[in-house]
There are 2 protein chains.
Amino acid sequence: MLRTKTCGELNSAHVGQTVTLAGWVDKYRDHGGVVFIDLRDRYGITQVSFKLDTASEIQEIAQELRHEDVVQVTGEVVSRGEGNINPKLSTGEIELLAKTVVLLNKSRTPPFEPRGETLPNEELRLQHRYVDLRRPALQRNMILRHKLTKAVRDYFDNLDFLEIETPILGRSTPEGARDYLVPSRVHEGSFYALPQSPQLFKQILMVAGYDRYFQIARCFRDEDLRADRQPEFTQIDIEMAFVEYDDILDTVDGLVKAMVKSARGIDFPTPLPRYTHAEVMEKYGTDKPDLRFDLPIANISDLVGDSDFGVFKNTVEAGNFVRGLCIKGGADKYSRRILDNDLKGLVGEYGAKGLAYFKVTDGKLDSSIAKFFNDEQQQAIIARMQGENGDLLVFVADTWKVSCAALAALRNFVGKDQQLYDPKAISCLWVVDFPLFTWNAEENRWDAEHHPFCAVRPEDEGYFQTDPGKIRAQSYDLVCNGYEAASGSIRIHDPAIQQRVFDLLNITPDEAERRFGFLLNALRYGAPPHGGIALGLDRWVMLFAGCDNIRDVIAFPKTQRASDLMLGAPSEVDARQLRDLHIKLDLPEENA
Amino acid sequence: MLRTKTCGELNSAHVGQTVTLAGWVDKYRDHGGVVFIDLRDRYGITQVSFKLDTASEIQEIAQELRHEDVVQVTGEVVSRGEGNINPKLSTGEIELLAKTVVLLNKSRTPPFEPRGETLPNEELRLQHRYVDLRRPALQRNMILRHKLTKAVRDYFDNLDFLEIETPILGRSTPEGARDYLVPSRVHEGSFYALPQSPQLFKQILMVAGYDRYFQIARCFRDEDLRADRQPEFTQIDIEMAFVEYDDILDTVDGLVKAMVKSARGIDFPTPLPRYTHAEVMEKYGTDKPDLRFDLPIANISDLVGDSDFGVFKNTVEAGNFVRGLCIKGGADKYSRRILDNDLKGLVGEYGAKGLAYFKVTDGKLDSSIAKFFNDEQQQAIIARMQGENGDLLVFVADTWKVSCAALAALRNFVGKDQQLYDPKAISCLWVVDFPLFTWNAEENRWDAEHHPFCAVRPEDEGYFQTDPGKIRAQSYDLVCNGYEAASGSIRIHDPAIQQRVFDLLNITPDEAERRFGFLLNALRYGAPPHGGIALGLDRWVMLFAGCDNIRDVIAFPKTQRASDLMLGAPSEVDARQLRDLHIKLDLPEENA
């Protein structure tokens, strides 16, 4: 090794020892007779002093050291002395008095200082990712990611799960508009597809008897990218045989506990709370509630149907809903202007036609529309909302769907705006019993809420004939801090039930065979009851890192336009390569 | 869980307990009043007995159980009694007396029995991989693979390595004829490429200060497939900063020790022996010698140049070589017919024009050509070859290259044919100091032996001007049982040396920039000395599994024609998908 110690390990116990360090010049200061440099490596920073009355070649090198030069220094560990101790550094009690120095590699002036105070724009940083990755925040994230995946693997290994690699070169499915395709050279005119998930493979592995599978799996989705998506992403993929859905939830509870322990060093309380889909929609208006704060939605439809306030009255008469939030102490926090503009605008984005609000003052409702509610109604509303003097009550009167979406958004806004939670807190919950089907009004058909392999709650099988919208799936989402952090289900292992689902989705036997033939075949040859789940690893690292940019937890991420700015990918390729792959470009200007 | 125990854990200690098992019907026997089934899961096999005088629904189900049906059985663990103990099974002392049984899933008659005695052809097995993967051999291989990768990760984690994921969607390089390409939807006419290795990324990570990196990385190569290659394969990828090449070798020695410990439970002796490239070519004729057996090549050119045997004499006079093997006790093992036909044919495949041979009899050479060597020459040859009475000496007289290739092949043949080694033995060695360049006579130019980033032995830098063929790279291969099991090098971190290598390879600055621009850029911003290595994981699993078909260590492998027979991949895709990706097919019949 070109060093005997790292830049993070020396302290006063090493004083008097001769050691060799190697690393990058983080800072340099020329104090006349002495040059000081902060030498940096992955493990820390050590101050090195070069006395300029020593050998002249040391002088020469030391005086020319600049940011990001790579040097090897041998010297004696000496105490810094009282006044010069740097309590911020683990090595702050000592410095290395250089005896010999080797300039291992001179650096050009870097495009930005990786430890500078101002961050240049992301494009420049992604172009020079080898400098950007030196930033302490990114380094911490990469180390966190390593530790977290290690903890995940240890957890599953202890439980007799097998990590099994599934193919990256797979098969496209007809609806695979989001598949990345790979032309085959050997099979002219044919294509592989990169997997959007290992879903079908992990089910096959259960059929094959592997009993407990996991994989930290790369997945691909060619979609228009939002801030928190990447064309390639990583998921913790899990499948188990001979289980019921509690078993999966228990297993993942333990996994979350292990991850929190690894990332934060604390014992996270489990089991994680479990809510039905119906419950969270009622109480939080969304299937991804952020439970770092409470602020539940309350329904006052039954209280206001016979009020004199036309908007509420008409809403209830039409079979719709009046629901709202009680913002504790909110009466003097949001002015009429903000309520009528900003907050009304916010709920408007989700389709709500208006926002009604009241202060609670002297035990009564207080607002321009309070007069439309008699005393009894006012008291009932305040009681239902658990309102107290000084609270602000806000209401949306609309369809169930719109009131859910609008109030969920408003709830998130208020939670953040009123700092109702510690941003570093982690709050998880299970949402279970999703509907199996949702009605697609535009296309006048049923769609699968998750995918067509979710098992049905046995007690709901009767609804296939009568009311498919009521069928609950044996599915579950894990929600953390308002994000979907995992999603899964018990799968159908009975070909007859599978057929009923396909029938309802209008998937003909031919089409089913074409799209999922190999899975259907597998299910016929001894499929055990099984189920699984997948957790988005990138999202979990973000959660523990406390960062909100997915590109900060991936070593070599792509931009929102799916470009790798360092590599310059994607790029044009040789015409010969395309010919070998039996394809040609189909660009507007190339069409005759 | 649908079981309280697995099929692998019950023994006489459980007698009297009521337990529930779930699994597959492995065998069934109807003995009149009792039906016996062997119930199988990943953990083992348990015999279940159904007495037919119990409840009639148990009778009904039990009598109809067939191969690969999935059942859940609750019953009492009972002792089998002296005469019926099966010592081959860990559960052989007990059986489960069924009280209730649930047919979880009926299986169609499987296309073959996963535990049958005859193996159907591989095509049928790959089509029904969910049945094939139930075979005990494949299951053992998958479990071995899991354990081995776990041991690898634990080893590196203990040494402060970070596992860092590198992109699958990368950039094609102009010589990337073997790149799999992925058309971009967002960037019309542009393509990603799947990585042949994370080489450039891991070097970037060293420049970025990550110090010690590893990854179990999926790699892709679109080449005509040989028996032991797959279009996608997995490598254990390693890179370290501030190291010299001994440090990499020491680190991998420890890794091999950890892998052998995990797979075989034994302490493998390290350090692994290290040979120079020149040494192994001299002694074994190949840079991938199988050292499970000795059988070295000896060179007798200096002894036979003045013999009367024209072939040897002329060979030596032309500056070529007479080299051979001493097959201990071989005199009566290979008949003249075999020597003149089979073995001569074998060396002929490698370009050798003939095979000369002698028995050692009464301390002298014995063959039709022995007369061309005088006593002194005979004694010198026998001494050089360490021959004894009853040995067979075989010689090839040819160029250095042909004598190496021919004798290496002959050596492998004899080693196997004479069973000179235990096929389960593992024998590893390092081969170091490969030449940096090899002369490509066809194209009249120098080629890089590994890749153009290998560092040069400092003492050989003078040869750039005078004799590039003599420059030794700081490179190293790990060879196991005659296969290349790892390959790596210290990398060039000095842009000036990198330029000299490019110059010699006739890579112009423009071309270098186009092909490796981002790496060259990175090297300019503070690259530490660094090096690394990659081990083929599939090959290592094969080694420990003792199998010689790479498809037996991969859960979902592709055929030699790069097809996934279960998925039916690659496949045709919708015209709309191609339009979205701005490509069209370029097939003979579609050209106007």
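The values are calculated or read from the model by the stated rules, or taken from the named source; none is laboratory data. Because the structure is predicted, anything quoted here is derived from the model rather than measured. Positions of Cβ are backbone-derived with ideal geometry, glycine not excepted, and every protein chain shown enters the neighbour counts. Protein only, heavy atoms only, side chains kept; ligands, DNA and RNA dropped before computing areas. Shrake-Rupley method; radii C 1.70, N 1.55, O 1.52, S 1.80 Å.
Can you spot a residue in the stretch B:518-534 that is at pLDDT below 95, surrounded by fewer than 23 Cβ atoms within 10 Å (Cβ to Cβ) and more than 10 Å from chain A (Cβ to nearest Cβ)?
Yes, the stretch B:518-534 contains at least one residue that is at pLDDT below 95, surrounded by fewer than 23 Cβ atoms within 10 Å (Cβ to Cβ) and more than 10 Å from chain A (Cβ to nearest Cβ).
If you take just the helices (runs of 4 or more DSSP H) that sit entirely in the stretch B:297-400, which of them hold at least 1 residues that are of a type in the set (Ser, Thr, Tyr), open to solvent by 10 Å² or more (accessible area, probe 1.4 Å) and in contact (Cβ under 8 Å) with a residue 24 or more places away in the chain? Write out each step before concluding.
Details: elements: B:301-304, B:310-317, B:344-349, B:375-384.
Because the criterion is at least 1 residues that are of a type in the set (Ser, Thr, Tyr), open to solvent by 10 Å² or more (accessible area, probe 1.4 Å) and in contact (Cβ under 8 Å) with a residue 24 or more places away in the chain, the helices (runs of 4 or more DSSP H) in the stretch B:297-400 that meet it are B:310-317.
Taking A:LYS288 and the conditions (1) closer than 30 Å to A:PRO557 by Cβ; (2) open to solvent by 50 Å² or more (accessible area, probe 1.4 Å); (3) within 14 Å of chain B (Cβ to nearest Cβ), which numbered condition does it fall short on, given that it satisfies the others?
Result: A:LYS288 fails condition (3) only.
Go through the stretch B:13-52 residue by residue and tally those that are outside any loop (DSSP other than H, G, I, E, B) and open to solvent by less than 60 Å² (accessible area, probe 1.4 Å). Let's see the steps before the verdict.
To start, the set of residues in the stretch B:13-52 that are outside any loop (DSSP other than H, G, I, E, B) comprises B:13-14, B:18-31, B:34-41, B:44-51.
Narrowing further to those that are open to solvent by less than 60 Å² (accessible area, probe 1.4 Å): B:14, B:19-26, B:34-41, B:44-50.
Qualifying residue count, the stretch B:13-52: 24.
Looking at the stretch B:164-181, can you tell me whether even one residue there is closer than 20 Å to B:ALA534 by Cα, outside any loop (DSSP other than H, G, I, E, B) and hydrophobic (A, V, I, L, M, F, W, C)?
no
Quick one: which residue in A:VAL256, A:VAL260 is modelled with pLDDT of 95 or more and within 25 Å of A:ASP211 (Cβ to Cβ)?
Working: A:VAL260 fails: within 25 Å of A:ASP211 (Cβ to Cβ).
Being modelled with pLDDT of 95 or more and within 25 Å of A:ASP211 (Cβ to Cβ) holds for just one of A:VAL256, A:VAL260, which is A:VAL256.
Taking the stated definitions as given, is A:SER90 away from chain B (no Cβ under 14 Å), open to solvent by 60 Å² or more (accessible area, probe 1.4 Å) and under 23 Å from A:ARG140 (Cα atoms)?
On the way: away from chain B (no Cβ under 14 Å): yes; open to solvent by 60 Å² or more (accessible area, probe 1.4 Å): yes; under 23 Å from A:ARG140 (Cα atoms): yes.
Yes, satisfied.
Give the stretch B:213-230 a look and list any residue that's touching a Leu at 6+ places or on another chain (Cβ under 6 Å) and either open to solvent by 30 Å² or more (accessible area, probe 1.4 Å) or closer than 21 Å to B:TYR180 by Cβ (or both), or say none. Give the derivation first.
Kept after step one, since they are touching a Leu at 6+ places or on another chain (Cβ under 6 Å), are these residues of the stretch B:213-230: B:213, B:220.
If the condition is that a residue be touching a Leu at 6+ places or on another chain (Cβ under 6 Å) and either open to solvent by 30 Å² or more (accessible area, probe 1.4 Å) or closer than 21 Å to B:TYR180 by Cβ (or both), then B:PHE220 is the only one that fits.
May I ask you to verify whether B:ARG80 is assigned by TED's automatic domain parsing to the domain that holds B:LYS27, in contact with a strand residue (DSSP E or B) (Cβ under 9 Å, 6 or more places away or on another chain), open to solvent by 20 Å² or more (accessible area, probe 1.4 Å) and under 30 Å from A:LYS202 (Cβ atoms)? Spell out how you get there, then give the answer.
Details: assigned by TED's automatic domain parsing to the domain that holds B:LYS27: yes; in contact with a strand residue (DSSP E or B) (Cβ under 9 Å, 6 or more places away or on another chain): yes; open to solvent by 20 Å² or more (accessible area, probe 1.4 Å): yes; under 30 Å from A:LYS202 (Cβ atoms): no.
No, not satisfied.
Could you look through the stretch B:199-221, keep only residues that are farther than 18 Å from B:ARG539 by Cα and among the charged types (D, E, K, R), and pick out the one that is nearest to the chain's Cα centre (by Cα)?
Only one residue fits best here, namely B:LYS202.
For the stretch B:393-447, name all the residues that are in contact with a helix residue (DSSP H, G or I) (Cβ under 6 Å, 6 or more places away or on another chain) and of a type in the set (Val, Ile, Thr).
Those that are in contact with a helix residue (DSSP H, G or I) (Cβ under 6 Å, 6 or more places away or on another chain) and of a type in the set (Val, Ile, Thr): B:VAL396, B:VAL431.
Identify, please: which residue in the stretch A:535-557 is among the charged types (D, E, K, R) and within 21 Å of B:LEU162 (Cβ to Cβ) and is, among those, nearest to the other protein chains (Cβ to nearest Cβ)?
Of all residues in the stretch A:535-557, those among the charged types (D, E, K, R) come to A:538-539, A:548, A:551-552.
Next, only the ones that are within 21 Å of B:LEU162 (Cβ to Cβ) stay: A:538-539, A:551-552.
Numbers: A:ASP538: 10, A:ARG539: 15, A:ARG551: 12, A:ASP552: 14 Å.
Filtering first and then ranking leaves A:ASP538.
Look through the stretch A:53-77, keep the residues that are assigned to a strand (DSSP E or B) and more than 14 Å from chain B (Cβ to nearest Cβ), and return whichever of them is most open to solvent (accessible area, probe 1.4 Å). Break it down stepwise before answering.
First pass over the stretch A:53-77, keeping only residues assigned to a strand (DSSP E or B): A:70-77.
Checking the rest, the ones that are also more than 14 Å from chain B (Cβ to nearest Cβ) come to A:75-77.
Details: A:GLY75: 0, A:GLU76: 59, A:VAL77: 0 Å².
For the stretch A:53-77, the residue satisfying everything is A:GLU76.
Looking at the stretch A:462-492, which of its residues are among the aromatic types (Phe, Trp, Tyr), assigned to a strand (DSSP E or B) and surrounded by fewer than 24 Cβ atoms within 10 Å (Cβ to Cβ)?
Within the stretch A:462-492, the first condition is being among the aromatic types (Phe, Trp, Tyr), and the residues that meet it are A:463-464, A:476, A:483.
Going one step further and asking which of them are assigned to a strand (DSSP E or B), we end up with A:476, A:483.
Listed by number, the list holds a single entry, A:TYR483.
Residue by residue through the stretch B:158-188, note down the ones that are touching a His at 6+ places or on another chain (Cβ under 8 Å) and surrounded by fewer than 18 Cβ atoms within 10 Å (Cβ to Cβ).
B:GLU188
Just give me the residues in the stretch A:104-155 being part of a helix (DSSP H, G or I), without any contact (Cβ under 8 Å) to a residue 60 or more places away in the chain and either closer than 26 Å to A:ILE236 by Cβ or open to solvent by 30 Å² or more (accessible area, probe 1.4 Å) (or both), in sequence order.
Restricting attention to the stretch A:104-155, the residues satisfying the condition of being part of a helix (DSSP H, G or I) are A:122-127, A:129-132, A:136-155.
Cutting the leftovers down to without any contact (Cβ under 8 Å) to a residue 60 or more places away in the chain gives us A:124-125, A:132, A:136, A:143, A:146.
A:LEU124, A:PRO136, A:ILE143, A:HIS146 - these are the residues of the stretch A:104-155 that are part of a helix (DSSP H, G or I), without any contact (Cβ under 8 Å) to a residue 60 or more places away in the chain and either closer than 26 Å to A:ILE236 by Cβ or open to solvent by 30 Å² or more (accessible area, probe 1.4 Å) (or both).
Matching residues to (1) touching a Cys at 6+ places or on another chain (Cβ under 6 Å); (2) modelled with pLDDT of 95 or more; (3) in a loop (DSSP other than H, G, I, E, B):
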| residue | (1), (2), (3) |
| --- | --- |
| A:SER197 | yes, no, yes |
| A:LEU200 | no, no, no |
| A:ILE204 | no, yes, no |
| A:TYR210 | no, yes, yes |
| A:TYR213 | no, yes, no |
| A:GLU223 | no, no, yes |
| A:ARG226 | no, no, yes |
| A:ARG229 | no, no, yes |
| A:GLN235 | yes, yes, no |
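For the structure I just gave you, tell me whether B:ASP179 is more than 8 Å from chain A (Cβ to nearest Cβ) and acidic (Asp, Glu). Steps first, please.
Values: more than 8 Å from chain A (Cβ to nearest Cβ): no; acidic (Asp, Glu): yes.
No.
Does B:SER184 satisfy being more than 7 Å from chain A (Cβ to nearest Cβ) and farther than 13 Å from A:ASP574 by Cα?
Details: more than 7 Å from chain A (Cβ to nearest Cβ): no; farther than 13 Å from A:ASP574 by Cα: yes.
Criteria not met by B:SER184.
Tell me which residues, restricted to the stretch A:438-449, are of a type in the set (A, V, I, L, M, F, W, C) and more than 21 Å from A:GLY285 (Cβ to Cβ).
Keep residues of the stretch A:438-449 that are of a type in the set (A, V, I, L, M, F, W, C), which gives A:439, A:441, A:446, A:448.
If the condition is that a residue be of a type in the set (A, V, I, L, M, F, W, C) and more than 21 Å from A:GLY285 (Cβ to Cβ), then A:TRP446, A:ALA448 are the ones that fit.
Would you mind stating whether B:THR270 is surrounded by fewer than 23 Cβ atoms within 10 Å (Cβ to Cβ), hydroxyl-bearing (Ser, Thr, Tyr) and assigned to a helix (DSSP H, G or I)? Walk me through how you get there before you give the answer.
Working: surrounded by fewer than 23 Cβ atoms within 10 Å (Cβ to Cβ): yes; hydroxyl-bearing (Ser, Thr, Tyr): yes; assigned to a helix (DSSP H, G or I): no.
No: the conditions fail for B:THR270.
Scan the stretch A:201-232 residue by residue and report those that are facing chain B (nearest Cβ under 10 Å), in contact with a strand residue (DSSP E or B) (Cβ under 9 Å, 6 or more places away or on another chain) and more than 20 Å from A:TYR476 (Cβ to Cβ).
If the condition is that a residue be facing chain B (nearest Cβ under 10 Å), in contact with a strand residue (DSSP E or B) (Cβ under 9 Å, 6 or more places away or on another chain) and more than 20 Å from A:TYR476 (Cβ to Cβ), then A:PHE201, A:LEU205, A:VAL207, A:GLY209, A:TYR210, A:ASP211, A:ILE216, A:ARG218, A:PHE220, A:ASP222, A:PRO231, A:GLU232 are the ones that fit.
Can you tell me which condition A:LEU504 does not meet? The list is (1) within 11 Å of chain B (Cβ to nearest Cβ); (2) touching a residue at least 12 places away in the same chain (Cβ under 8 Å), and all the others hold.
So the condition that A:LEU504 fails would be (1).
Taking only the stretch A:535-576 into account, find how many residues are touching a residue at least 40 places away in the same chain (Cβ under 8 Å), open to solvent by 20 Å² or more (accessible area, probe 1.4 Å) and either closer than 29 Å to B:ALA193 by Cβ or in a strand (DSSP E or B) (or both).
Summing the residues that are touching a residue at least 40 places away in the same chain (Cβ under 8 Å), open to solvent by 20 Å² or more (accessible area, probe 1.4 Å) and either closer than 29 Å to B:ALA193 by Cβ or in a strand (DSSP E or B) (or both) in the stretch A:535-576 gives 10.
Can you tell me which residue within the stretch A:136-176, out of those that are facing chain B (nearest Cβ under 7 Å) and basic (Lys, Arg), is nearest to B:ASN141 (Cα to Cα)?
A:ARG153
Taking B:ARG579, is it open to solvent by 60 Å² or more (accessible area, probe 1.4 Å), in a helix (DSSP H, G or I) and at the interface with another protein chain (Cβ under 7 Å from one of its Cβ atoms)? Even if it seems obvious, please write down each step before you answer.
Values: open to solvent by 60 Å² or more (accessible area, probe 1.4 Å): yes; in a helix (DSSP H, G or I): yes; at the interface with another protein chain (Cβ under 7 Å from one of its Cβ atoms): yes.
Yes.
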